[in-house]
Amino acid sequence: MNAPHSHNTATVAGLRMIEQLRQVHEPLRADIEVLENALQLLSDETTDLTRIPEMIDNLTIADFVWQLRVNCDFYCNTLTLHHTIEDQRMFPVMTRNFPELAPAVERLQAEHKLVGSNDQNLWMVLGEAA
């Protein structure tokens, strides 16, 4: 039987993925609970149904910042993966085989670093907005 994974051997990327899963799933679980409560209220014929729209308005998925975080997370991760592949795999081959491309590759690498720092700044802002 395999031993369970320990956080002592976890990678930074693995821990980040765990945190991303928590950030997405925990609010969704809370939303499910709210929706179950709303459905329960709907099934009760004596309930004041005016509370239900307020319950729905307060769902996590209705929150703009939450939507921005989830969508930005996906986009930023995709962009980071794309830049990592270019920086580590494509650019070394390009500059080795086509040295005349070195200035363009250097400019792109600098842009990748700038985009990466912008991603970090965006995450700080989104974290503060939560």
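The values are calculated or read from the model by the stated rules, or taken from the named source; none is laboratory data. Quantities reported herein were computed from a predicted structural model and do not represent experimental measurements. Ideal geometry is used to build each Cβ from the backbone, glycine not excepted, and the neighbour counts take in all protein chains shown. For the accessible areas, the whole protein counts, side chains as well, though only heavy atoms, and no ligand, DNA or RNA atoms are used. Shrake-Rupley method; radii C 1.70, N 1.55, O 1.52, S 1.80 Å.
For the reader, a short list of remarks on this structure follows.
- For the chain, the normalised intensity computed at q = 0.09 Å⁻¹ comes to -0.49 (log10 of I(q)/I(0), Debye sum over alpha carbons, equal scatterers, no solvent).
- Solvent exposure of segment 15-130 as accessible area per residue, Å², 1.4 Å probe: 75 Å²
- Accessible surface of segment 1-122 [probe 1.4 Å, protein heavy atoms]: carbon and sulfur percent: 60 percent
- Approximating the spin labels as points 7 Å out from Cα along Cα→Cβ, the Glu26-to-Leu101 distance works out to 4.4 nm.
- Label-point separation in nm, Ala10 to Asn37, each point 7 Å along Cα→Cβ: 2.9 nm
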